[in-house]
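Chemist: Have a look at this one before I ask anything.
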Amino acid sequence: MSENSTYLPTKNHYEILDGLRGVASILVVSFHVFETFSGDRFHQIINHGYLAVDFFFLLSGFVVAYAYDDRWEKMTQWDFYKRRLIRLQPMVIMGMLIGATLFYFQASTAFPLISLTPVWKMLLVMVIGFTMIPLPVSMDIRGWQEMHPLDGPAWSLFFEYIANILYALIVRRFSKTLLTILVVLSAGLLVQYLIMGPHGDVIGGWSLDGTQLHIGFARLLYPFFAGVLLMRTGKLIKVKGAFAICSLLLVALFAIPRIGGSEHLWINGLYESVCIILFFPLIVSIGAGSSMSGKQTIKICKFLGVLSYPLYIIHYPLIYLHLAWVTNNKVPMSTGLLGGLVVLIASIAIAYASLKLYDEPVRKWLTNRFLKTPRV
């Protein structure tokens, strides 16, 4: 008896990249907490925290290429899709369940449609959310026109799945030259939007309309396939103290105040172009090319790595709740930020509990059921 070839042993992780993914997840939660008190896109407290999504896309492209580029003789496209669904989909479902549980507690003037939404419609949106099928604006139940109104960040998972499908169908067969051409053209699309677009930033991608889909694809295509190209070229950089250096660099890139104001939008667009096109690949190159020797640092990176995805995908229903509390009660910033700290701690606790009590057992069962089918 042997095992079905759809099962492939997990490769070793890049521990520094795992840690950096966790750092970016904590930064994006912090950005969303502060966003409640920011007012508008020109006065954010962690000004470029939304760039964590673009960093995640680049990391994902690198890791997908590392994990699967040399395995296509041993698996079919459907095998690949099963592996990606098993990795990502259970926590998508958990995020939707948490969003549905907290939905009516989030009612406020910030979310004008909640009080008008019947339970059956909310449950329908939840079930559709389980499938990652994006909702049209006409089915919005919150008032923010999100394609996944119970758990806003799921929009990036929608685009993540698109990138995985493009990789499996087409891009995995590309030569380095052809892949480089794709990456350069994608960089051009990103720069064109950032410098010539209406806002001078990449904020957006979460609605099912032409403008938002344009933003979403501009944000997706360059970083994801630049990550694939970086892995294939092997242009990695080795430095001492890589995790600390790269973490501080991420913090600095995200926290730098918006540049140019409302009068010179292109300047901020140029800054974000440099972050995404140059600095993020540099950070991943250093993280993948360096190693760690301290046992404690390795443990921290592993913890941050396993926590990163659950934290990202479940935190936003708590952000909705926090925003509703601040809005309904006119909470001052000092008190609101203390509540935001509670949100961050609660998000980490819920994410870790979801990982250990739900995500890991479910993924293990699905792997045994669908990737390790015995045959005689």
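Rule-based calculations on the coordinates, nothing more; no lab input. Remember, predicted model here, so these are calculated numbers, not experimental data. Virtual Cβ from ideal backbone geometry, glycine too; neighbours counted across all protein chains shown.
Chemist: Could you give the length gained on full extension between residue 267 and residue 72, defined as 0.36 nm per residue of separation minus the Cα-Cα distance, in nm?
Modeler: 65.9 nm is the gain from fully extending residue 267 to residue 72.
Chemist: Then there is this: Once you have the Cα-Cα distance between residue 121 and residue 185, take 0.36 nm times their residue separation minus that, and quote the gain in nm to one decimal.
Modeler: Result for the pair: 18.9 nm of gain on full extension.
Chemist: A further question follows. Suppose each label sits 7 Å from its Cα in the direction of the beta carbon; what would the residue 166-residue 199 distance come out to in nanometres?
Modeler: 2.0
Chemist: Quick one: order 43, 315, 322 by neighbouring beta-carbon count within 10 Å, fewest to most.
Modeler: 43, 322, 315
Chemist: Under a point-charge model restricted to the Cβ atoms of Lys and Arg (+1) and Asp and Glu (-1), what is the dipole moment magnitude of region 2-375 relative to its Cα centre, in debye to the nearest 20?
Modeler: The calculation lands at about 1300 debye.
Chemist: Please find, in a Gaussian network model of the chain (springs between Cα atoms separated by less than 10 Å), the residue of 154, 353, 24 whose mean-square fluctuation is greatest.
Modeler: With Cα springs under 10 Å in the chain, the top fluctuation among 154, 353, 24 is at 353.
Chemist: Continuing with this model, one more query. Could you please rank 146, 73, placing first whichever residue has the fewest other Cβ atoms within 10 Å of its Cβ?
Modeler: 73, 146
Chemist: Roughly how many Å is it from the Cα centre of region 315-333 to that of region 91-156, as a whole number?
Modeler: Measuring centre to centre over Cα atoms gives 17 Å.
Chemist: Projecting each Cα onto the charge dipole of the chain (Lys/Arg +1, Asp/Glu -1 at the beta carbon, about the Cα centre), which of 325, 277, 60 comes out farthest on the positive side?
Modeler: 60
Chemist: Still on this structure, please answer the following. Could you compute the net charge surrounding residue 89? Neighbours are other residues with a C-beta less than 12 Å from the C-beta of residue 89; K and R count +1, D and E count -1.
Modeler: Residues close to residue 89 contribute a combined charge of +3.
Chemist: Check residue 290: other-chain or 5+ apart residues with amide H under 5 Å from its amide H, H built from backbone geometry?
Modeler: The list, which skips near neighbours in sequence, is 239.
Chemist: Same structure again: Sort 182-188, 224-230 by the packing proxy (mean of other Cβ within 10 Å over each peptide's residues), most packed first.
Modeler: By packing density, highest mean first, the sequence is 224-230, 182-188.
Chemist: May I ask you to compute the full-extension gain from residue 255 to residue 282, defined as 0.36 nm times their residue separation minus their alpha-carbon distance, rounded to one decimal in nm?
Modeler: Contour length minus the Cα-Cα distance gives 7.9 nm.
Chemist: While we're looking at this one, here's another question. Three principal axis extents, largest first, for the C-alpha atoms of region 2-375, in Å?
Modeler: On the principal axes, region 2-375 reaches 59, 50, 44 Å in Cα extent.
Chemist: Label points 7 Å out from Cα along the Cβ direction at residue 328 and residue 238: separation in nm?
Modeler: Using points 7 Å along Cα→Cβ, the separation is 5.7 nm.
Chemist: Follow-up. Which one of 154, 366, 304 is farthest out on the positive end of the charge dipole of the chain, using unit charges on Cβ (Lys, Arg +1; Asp, Glu -1) and the Cα centre as origin?
Modeler: The residue sitting most towards the positive pole is 366.
Chemist: If you don't mind, there's one more thing I want to ask. What is the local net charge at residue 56, summed over the other residues whose Cβ is closer than 12 Å to its Cβ (Lys, Arg +1; Asp, Glu -1)?
Modeler: 0
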